[in-house]
Every structure is written in structure tokens, then in C-alpha cells.
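For reference, the structure discussed in these notes is given below.
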Amino acid sequence: MVTLTVNGESHVLDVDPRTPLLWVLREQLALTGTKFGCGIAQCGACTVHLDGQPVRACVTPVAAAEGRRVRTIEDLAAGGRLHPLQQAWIDEQVPQCGYCQSGQLMAAAALLETNPDPDDEEIDAALRGNICRCGTYQRIRRGVRRAARALAAGEQDDG
Amino acid sequence: MARWTRRAVIATGVAAGGLLAVGVGIRRVALSESLAPLVAADGEQVFHISLTLAPDNGVTAIVPHAEMGQGVHTSLAMMLADELDADWEKVSVREAPATRDYANYALARGYLLGERDVPGFLLPTVDGFFLAATRFEALQITGGSLSVRTTGRYAMRIAGAAAREMLVTAAADAWAVPRAELLTRRGELLHAPSGRRARYADFAERAAALPEPPAPRLKAPDEFTLMGTSPPRLDVPPKVDGTARFGIDVALPGMRYAAVRAAPVFGARVDSIATESVQDLPGVRRVVDLGDAVAVVADGYWQAEQALRQLDVRFTASGNESVDQDDIYRRFADSLERAAADDAFTTDLRRGDAPGRLAAGGRLVSAEYRVPYLAHATMEPMNCTAVVADGRCELWLGTQNPLGFAKDVAGALDLDIDDVRVHNQYLGGGFGRRAFPDFAIQAARIAREAGTPVKLIWSREEDMRHDHYRQANVSRFRALLDDTGRPQAWENSYVDKHDPEEAPHIPYAIENQLIRFVESPTHVPWGFWRSVDHSLHAFFTESFIDELAVAAGQDPYRYRRALLAGEPRFRAVLDLAAERSGWDRPLPAGHGRGIAIHRSFGTIVAQVVEATVEDGRPRVQRVVCAVDAGFAVHPDGLRAQMESGIVYGLTAALYGEISIRGGAVRQGNFHDYPMLRIDESPLIETHIVDGGGPLGGAGEPGTPAIAPALANAVYAATGIRVRELPFARHDLSRPERPGRDIA
């Protein structure tokens, strides 16, 4: 048995502890927003947060996620309100086929947590592990910058 | 067989000469009661095959094309909604079911009306419209950059316009006013003299009962309200929160998972399977021998894949076990030499007398180029969920040809096509790969044997090693320049032609041209890869014209420009790209600019690349792209497709190489088949020319010109002419010139 906390909910699961987190999310918990792309941590399509850090779920054994907080794309919008990155992705019309975008968004969200105002080089460094075959990279950069501006403006409003 | 009879009537109409011009685009769903439950929700009036109107005035456009990021659901809905004068806020889109009613008749019609650049692979099917309509029945393809050009132009617009006229007639009758006094705007009917107004929905039922107008009037471009604007794409919101459903996301009750491994060498078969080596592993349910592949069915995908890795399988020898990539290139060279010696080429294009001019002597320039096999590497690996029971089969997957897949799966399972139902999902990338049904046939066969629903997922390695590949090729050129440096003769010989037919043709005014090829078959399976043959020939022809400019001592942009005097649309696109790139502005030392122009799928694209060389590798700083697709239905979508096509082509130019070793594909995943990543992705600016004329495609034309533009930029920066792709093969910091030894 493995006890897993995903998006704030606790689950007790009867799975082989070596099973990659990716397949537990997709098959046991029906959280299919996290995608399979390569299986060897080369493409980033399976990026989720583990205690706030971006990790590749395809090479993370589910046992390694026990006792830690797993967050997936399904939980990025808080309280029914889109995350500023998600809104920016719509405003900049970032996705094409869309398959890699859950991973892109989770990687970008982790970046903004630690660096609320990244420049292009910092964006590139944080997202170079995430492949997009549709070539949406320059819109991804614009989307991250736009979300960073929105976050900064939101904080001013709140203050 | 009622449906069949109706189709035959339509086909006869075409054969009789032009009678098709209207009826086929607006066939009424009422003619096929079986369809209404599939496309219409409760209370919705089905107007015709492309459109329903709901009581809340909501319009649903029903589009027979797959959404794979190219934005086609939105563009096609816009074309319909514009002619209908619908309220865009109330327009939604639904993908057509995979039934014969939604075969791509519009594509056939486009072909009949002169869209001669319909890809050759479709021609047997389209010709079948006359000869054997059964084949045409199973055509529901998204490819060839054709959806907007054919379905949009010949079905969606006509459907919208026809529905609008029917609504106007219904209202005019009810209000007893002349039709001409009625206006339509944003989903409403207005009669100004009496001040009456009504929503479309109020007249939907009466309008749907009217006969469809034989020739609805289409808007002139200055009347468009939606076409030519860029509303947000309808498929974007579900793609930012994880809810977009791709084939791989489908789940059925009682579903099991399958992993598969095909014989590594194409053409080999399963010899023996030591099933006992895995049957006791946790979760494993069954091992399935597919003849040329073996599958493991388990409770979870990871269990299936783990078991498959441990499974002891032997394959037969196919006779290709000793073939290496160098053998293939040697075979190409032999084929070219033998064809030259035996005069055994097939002529692609002959104009004037190129061999005669070349033999007469003068300033000769020659070169040889080559390109490797390429895999598609869609982000979503091939997968399909299938259930086979009671003589019926249902499939959930992403496909570029739902109806064609149904037909092929029916053939493999010995079922009637009507007993196979395909449920198409969002495609996690297509690029041509998802037009091939191999993985769907496997899933159906495994599910039949398993007796439960099965989701088959290909590993990345399986996806890369059992693709249908863009062909490797060798292309040789000879040209003769006159005293002013202008080319008088152009001779091009290459191997292995697929389509589109015109891919190796050049727009330049050169009096004597001979373009020819010889087949040189290999055992590596071929497939459509974004822009198909254009992806290689643009590299060949646009590199060679650049070499001619260099030999003539002239500026490569102006050299091309002079040869395009009779092609004003090409010239306008070339000029725009050069101007926006600041072509004449001096660059820092070590930087170079390269230009290329190519027409594909009816769209002209010119690109200027600015590049440097760092550590022996090119680095692209900036790409300026000019594009003329006739008219941009959704300008931001066209820009997005140019960006996408450029990154796809640049990835191939820099890194793309599938090579054969021991008869099998050597590469297996992204570590040895690398992709362009965000930190190498250049700034791309796209400038649109609405040049008029027939609509061109968008999904593919961005790809062909980028490789030669880069090669030309690298030459400008370093003096090194790269004639073999990918660039990763060459160390540009070394003094020798890559490619010279090949020529």
C-alpha cells in the first residue's frame, strides 16, 4: 500500500511502489492532464510539483512521493480561478496541439514561485527540459512574462 | 442501401459536367436520419450536414477535420459563421462523426474544380470519385494543408450562406415582406421598415423544412465580419487546465493496457515467444502474437511495458539485417549513376534543352546534396483504445483520417466498415504520422484477443523505430551561367519521388530545365512528413540557387529577385522578407543572413535567417518570415503555423537524423533524436501578404524554406556550404568545407 497526497487529497493505493508516479496519477487517480511523452525524463510532458519542486513523474517511483505533496495541472487553477499563467496562455494563444502544455505550465509555475520576474534567459533555463513539437516556444516566453506582470499587478492591488 | 444510391446520384451529377456545383455542399441531414442522433442535441435543428441551430440561438459547426493544433476547428467554424451572420459568441464546434456522410466530398470537389496541388497520395481516392466511389467513401482526411482550402471554401461557407438564405426566406414568408428587405446580423433577422426582429432560433424549424437554395450567394471579402480576424481559438481553454481529451486519455470500464514491440528490422516476423518468461509477473494478463509484433496485456501500462522488456522474443530474418545507412546512400548513388548511363530517368519537368546547353560548355556549377530519414516524433506517442465485441469494433484515438482508419480496421478484422466506429479525440501532434493506421489495427487485434477494452500505448522507442519516415534522398544539380551570371540551364536528378508532384520545381525564369528522378527503393517505410517532398526539395533547390548567386558574384536576394520578374506574388513575398529583415544592414562579424523562398500547398513563403556559429554549431538568432496564402482567414493562426512550421523544420535541419544500422532504426528517444528546445528557439516574426487568388494552406508551408535559409546564412557567416543535413553532422569550426567531399 502506498499513501499519496495529490492536489490536497489523500489516497491509499494498492500499487507496486516502483510504479512511476505518472501512471498512478493517470490510471489509478484518473488525472490524465499529466502526459506521457518519453518515459526517460527527456521531454517534460509529465512535469508535476513535488513539495513545490518540478519533477518528471515518468521517472519518479510512487514510493518517492509518499509523505510529500503532489500537485498536478488539475490543481493549478485555485478556487475555480485560472492561474495567471493559464490566463496568459489563453491571451497569448500559446497552445497548438496542447499535449506538452500541462508540463510547460507546471514548469513555468514552479519558476514563478521562486522567481516572480524572470527574464528570457531565466525562462529558457527553467523550461529547456520541456519539449514542444509545435514550436510554441516564443509564445511560451511571452506567456510567462505576461503572467509575471499580472502577478506583480495583483500584488500591488492587494497591497 | 439508400445512402449509397444518393451518393451515386451525386457522383453522376459531377460526371455529367458541373451539376455538383451546389448540391453536394449542402446535403441535408434529413436525408440520413441515422445521422441526427449523432450530431444534434435535444431540440437542435439540423440544418445540413455542417450546421445545427439550438433553441438558445447557439450555432454548432460540424467539421469533418481533426484538430491537432493547427486551429482548423476555429477557422472552419468562422467561415461558416461569417456567411451565416451568426453571433460568434454563440458558435461552438463539434468534430463530425466518422461516418460516410462526412467523407471529404469538399476535398474531391476542390480537386475537380482545379486544386491541382492536392497531394498525389489522395489522387487515387479522389479519382475514385468517378471510378469507384466506394474508395472515396472512406476519405475523411486532415492533411495536405487542405482543410480551409477545400472544406472551408466548398462546404462550410456554402453551408452558412445556404442556412442564412433559408432563415431569411422563412422569416419573409411569415412576416409577408419581400426577402430583399430583410437583414441578418449577429444571429438575428431584422426588418427595418416594420421594426420587426427575431432570433434565428425562432425560425429554425420553419427554415429547416425549406428546400435548400441551389446557389447561395457568398460574401465578397469586403463583407466579411469574421474571416480575416483572429478570435481566440476554441480549443485553447481545455488545453491550459488538463481537461482536453487526447486519445491517450480515454478510459473505459474494465479496460486493460497493452505495450507492443514490433520486429526491429522492417519486414521481419515473430519467430518464437517465450510466453512463460512473463506470464507470472504481476498484472500480466496475456501475451499476443501479432505476426510482425508482440504485445503484452496487463492491468496497468507500466506492468505491460516492464513485462514486454523481459519477454524473450525471437524474430525471423527478413534479409535486411545487414543494411546500414551508408549502404542506402551508396544504393542511391548507384541508382543515379545507372540511370544516367542507361538514360533511365523519369522526367519530372522538361523545358527547353538543358542537356544540350550544358554539353555546349561554359560556366558550369554543380553540387550534390543529401538528407536523412526523419521521424515525426509527435509529443503524444501512437496509442489507441479499442473494444471488439459482438462483431463490432469501437476505437478511441487521435487520427488524421477517422473514416480511413475505420475502413482499414474493418479490413484487418474482417468486419463491415459500418461495424467499426471511430471516436476521434484531440491529436497530440499529427504532422502526417496519424494518417497511418498501423497502431489502430494493432489495438483492435489485441482487444479482440483480450476480450476486454484495451488501451495500447507505444513507448517512445516504439514510436521512433516504427514510424513511416520522411525519405532520405540524394539530389544532384548542374547549371550553366552566362557571362552576366544568369543561369541558362538547370538540371536536377534525384531519387525516390513521392509528392506533391511539383515539390522540386522552381519559380525562377530559367529557359532550359530538366528535372528528373529514378526510383531507388529501400526497406524503410515511407510516410507523409510535414510538407512531404517539399521538406527536402526546398533545401536542395534553394541551396543550389544560392550557390549560383555566389558563383555569379551577386547578392543572393537580388539574384533571386531578378529571376522572379515574371512572378509578382513571389517577388512581393521575397521583397517583404528582405525588407523586414534589414537585408542591407551590416551585421556584426561572424553573423550571416540567408534567404530562401518556396511555394507549397498554394502558399508562398520567404524566410530570412540570421545566424552565427558558436562552438562549431549554428545558432539562429532571428527568423523573418513573409507569407502569402492568398487570404489569411485567421491571421494569428497563420502566424502560429509559420512559427510552428519553422521550428519543426529547424529542428530537422539542426538535429533530425534517423539512420539505419543492421536494418533497424538506430535512434530511440529524445536523447539520440534531439529536439529544438526553448533556449535555442529563435525570435520569429511573420509578415502576411494577402495576395489574392485561391486560398493556400497554412499547416505545412512554413517548414520547407527554413533549412536552406539557414544553410545560406551559415555560408554567409563562415564561407562553409553545408550540403548534407543535419547540421549536427558537421563541425563548422573546422576549416574544411563539409559537403565538398560528397559533391
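Overview of values
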item: Residues within segment B:444-503 that are open to solvent by 10 Å² or more (accessible area, probe 1.4 Å), among the hydroxyl-bearing types (Ser, Thr, Tyr) and either free of Cβ contacts under 8 Å to residues at least 60 places away in the same chain or farther than 25 Å from residue B:563 by Cα (or both), tallied; result: 1
item: Residue B:286 vs. criteria at pLDDT 95 or above and surrounded by fewer than 19 Cβ atoms within 10 Å (Cβ to Cβ); result: no
item: Residues (within 28 Å of residue B:257 (Cβ to Cβ), open to solvent by 10 Å² or more (accessible area, probe 1.4 Å) and within 30 Å of the chain's Cα centre (by Cα)) located in segment B:291-340; result: B:292
item: Filter result for the condition that a residue is open to solvent by 30 Å² or more (accessible area, probe 1.4 Å), among the charged types (D, E, K, R) and at pLDDT below 95, over B:179, B:164; result: B:164
item: Whichever residue in segment B:212-238 is hydrophobic (A, V, I, L, M, F, W, C) and without any contact (Cβ under 8 Å) to a residue 12 or more places away in the chain and, among such residues, is most open to solvent (accessible area, probe 1.4 Å); result: B:220
item: Failed item, numbered, when residue B:640 is tested on (1) surrounded by fewer than 24 Cβ atoms within 10 Å (Cβ to Cβ); (2) under 19 Å from the mean Cα position of the chain (by Cα); result: (1)
item: Breaking point among (1) touching a Phe, Trp or Tyr at 6+ places or on another chain (Cβ under 6 Å); (2) buried (at least 22 other Cβ atoms within 10 Å of the Cβ), for residue B:690; result: (2)
item: Filter result for the condition that a residue is surrounded by fewer than 24 Cβ atoms within 10 Å (Cβ to Cβ) and not small (Gly, Ala, Ser), over B:536, B:514; result: B:514
item: Test: residue in segment B:575-583 that is modelled with pLDDT of 95 or more and not in a helix (DSSP H, G or I); result: yes
item: Candidate set: segment B:52-78, residues that are touching a Leu at 6+ places or on another chain (Cβ under 9 Å) and assigned to a loop (DSSP other than H, G, I, E, B); chosen: the one farthest from the other protein chains (Cβ to nearest Cβ); result: B:64
item: Check on residue B:369, farther than 30 Å from residue B:278 by Cα and either surrounded by 14 or more Cβ atoms within 10 Å (Cβ to Cβ) or under 28 Å from the mean Cα position of the chain (by Cα) (or both); result: yes
item: Count of segment A:65-89 residues which are facing another protein chain (nearest Cβ under 10 Å) and surrounded by fewer than 19 Cβ atoms within 10 Å (Cβ to Cβ); result: 3
item: Selected residue (only one of B:695, B:725, B:732 is away from every other protein chain (no Cβ under 14 Å), touching a Pro at 6+ places or on another chain (Cβ under 7 Å) and surrounded by fewer than 24 Cβ atoms within 10 Å (Cβ to Cβ)); result: B:732
item: Positions within segment B:416-466 being away from chain A (no Cβ under 14 Å) and within 21 Å of residue A:33 (Cα to Cα), in sequence order; result: B:423
item: Selected residue [among the small types (Gly, Ala, Ser) and over 21 Å from residue A:51 (Cα atoms)] from A:110, A:126, A:150; result: A:150
item: Residue within segment B:312-335 that is of a type in the set (Lys, Arg), in contact (Cβ under 8 Å) with a residue 12 or more places away in the chain and either in contact with a strand residue (DSSP E or B) (Cβ under 6 Å, 6 or more places away or on another chain) or in a loop (DSSP other than H, G, I, E, B) (or both) present; result: yes
item: Residue under evaluation residue B:614, criteria (1) more than 27 Å from residue B:232 (Cβ to Cβ); (2) at the interface with another protein chain (Cβ under 10 Å from one of its Cβ atoms); (3) of a type outside the set (Gly, Ala, Ser), criterion not met; result: (2)
item: Any hit, segment A:8-21, residues being of a type outside the set (A, V, I, L, M), touching a residue at least 60 places away in the same chain (Cβ under 8 Å) and either closer than 23 Å to residue B:376 by Cβ or within 11 Å of chain B (Cβ to nearest Cβ) (or both); result: no
item: Residue B:395 vs. criteria touching a His at 6+ places or on another chain (Cβ under 8 Å) and over 20 Å from residue B:436 (Cβ atoms); result: no
item: Single residue of B:599, B:593 found to be assigned to a strand (DSSP E or B), under 30 Å from residue A:98 (Cβ atoms) and not β-branched (Val, Ile, Thr); result: B:599
item: Unique match (being part of a helix (DSSP H, G or I) and at the interface with chain B (Cβ under 9 Å from one of its Cβ atoms)) among A:131, A:140; result: A:140
item: All positions within segment A:51-61 that are touching a residue at least 24 places away in the same chain (Cβ under 8 Å), over 18 Å from residue A:101 (Cβ atoms) and either away from chain B (no Cβ under 14 Å) or part of a loop (DSSP other than H, G, I, E, B) (or both); result: A:52, A:53, A:60
item: Residues within segment B:672-719 that are in contact (Cβ under 8 Å) with a residue 24 or more places away in the chain and farther than 30 Å from residue B:222 by Cβ, tallied; result: 25
item: Residue A:28 more than 7 Å from every other protein chain (Cβ to nearest Cβ), within 21 Å of residue B:381 (Cβ to Cβ) and open to solvent by 30 Å² or more (accessible area, probe 1.4 Å); result: yes
item: Enumeration of residues in segment B:670-709 that are in a helix (DSSP H, G or I) and closer than 18 Å to residue B:579 by Cα; result: B:706, B:709
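Conditions tested, residue by residue: (1) open to solvent by less than 40 Å² (accessible area, probe 1.4 Å); (2) assigned to a loop (DSSP other than H, G, I, E, B); (3) more than 10 Å from chain B (Cβ to nearest Cβ).
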position: A:39; (1), (2), (3): yes, yes, no
position: A:63; (1), (2), (3): no, no, yes
position: A:95; (1), (2), (3): yes, yes, no
position: A:105; (1), (2), (3): yes, no, no
position: A:117; (1), (2), (3): no, yes, yes
position: A:122; (1), (2), (3): no, no, yes
position: A:125; (1), (2), (3): no, no, no
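The values are calculated or read from the model by the stated rules, or taken from the named source; none is laboratory data. These figures come from a predicted structure and were not determined experimentally. Positions of Cβ are generated from backbone atoms using ideal geometry, with glycine treated the same way; all protein chains shown enter the neighbour counts. These accessible areas exclude ligands, DNA and RNA; they are computed on the full protein's heavy atoms, side chains included. Shrake-Rupley method; radii C 1.70, N 1.55, O 1.52, S 1.80 Å.
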